[in-house]
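Remarks on the structure that follows.
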Amino acid sequence: MREVHRMFNPGPDPLILAGLRVPFRDATSVRSAFAWAVAEHDAQVRKDGARLIDHVVSVARNVQRFAHETDLPDLLIAALLHDLVENTRVPLSEVEARFGAQVATLIDAVTNREDESARDSAFRARDVGRDALLLRLCDRLDGIRRSPGRPTGKARKFLRISREVHLPLAEEHFPEIADEMRATLEDAEASLD
């Protein structure tokens, strides 16, 4: 009997292990995005020394925390895949083929462009729409949390830009994110002193 159980028990749900709560109707597509993100990012490391997959999952958790339930599936998928085009060889067209135009639009809105300032990138996301801005701010919030892992000069610059550009956008559009961002900025800035 144990052998039969092992055959049909796939083990713990990776989404639950990652701290993501997903409605049953959306679990297959979100699980597929998670698996793709792990496959593409698992060996990659960020400038702050963190594994890229850990950052991607943290952004998805932020999205889950701040998004409305009705917006969640495409936003969670986009959060899990938001660095895919920027940090791998996966083209945006492949993301669109697998997950649809809405997810591809969100990812494109937060993908950094060569020679684009952080300000221009943030406002480009805002101009695409509320979901794209939410994704950009959730990404930045995790970056702020991880900024003390960067070299001090780069961390200070990152935090200054976050306070000057991203915090005002959050205050205007997402007060809950602004509160969290403000507190996280203060903690990160204090850790550099």
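Here, each number is a calculation from the coordinates, and none is a lab measurement. This one's a predicted model, so the numbers in the text were calculated from it and none came from an experiment. Positions of Cβ are backbone-derived with ideal geometry, glycine not excepted, and every protein chain shown enters the neighbour counts.
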Convex hull of Cα atoms in the chain, direction-averaged projection (nm²): 12.3 nm²
Pair GLU116, LEU192: separation of 7 Å Cα→Cβ label points (nm): 2.4 nm
Which of SER29, SER162 has the fewest Cβ neighbours within 10 Å, and the rest in rising order: SER29, SER162
For region 115-193, the spread of Cα positions along each principal axis, largest first, Å: 36, 31, 16
Taking ILE53, ILE161 and counting other C-beta atoms within 10 Å, the order from fewest to most: ILE161, ILE53
GNM flexibility winner over the chain from GLU176, GLU164, GLU114 (Cα, springs under 10 Å): GLU114
Crossing angle, helix 152-161 versus the chain [Cα axis fit, 0-90 degrees, rounded to tens]: 90 degrees
Helix axis angle, 24-41 relative to the chain longest principal axis, alpha carbon, degrees: 70 degrees
Computed FRET value (nearest 0.05) for GLU164 with ARG65, which takes r as the C-beta separation and R₀ as 22 Å: 0.35
Ranked HIS166, HIS55, criterion: other C-beta atoms within 10 Å, fewest first: HIS55, HIS166
Quotient of C-alpha Rg and 2.2 N^0.38 Å, computed over region 100-150: 1.16
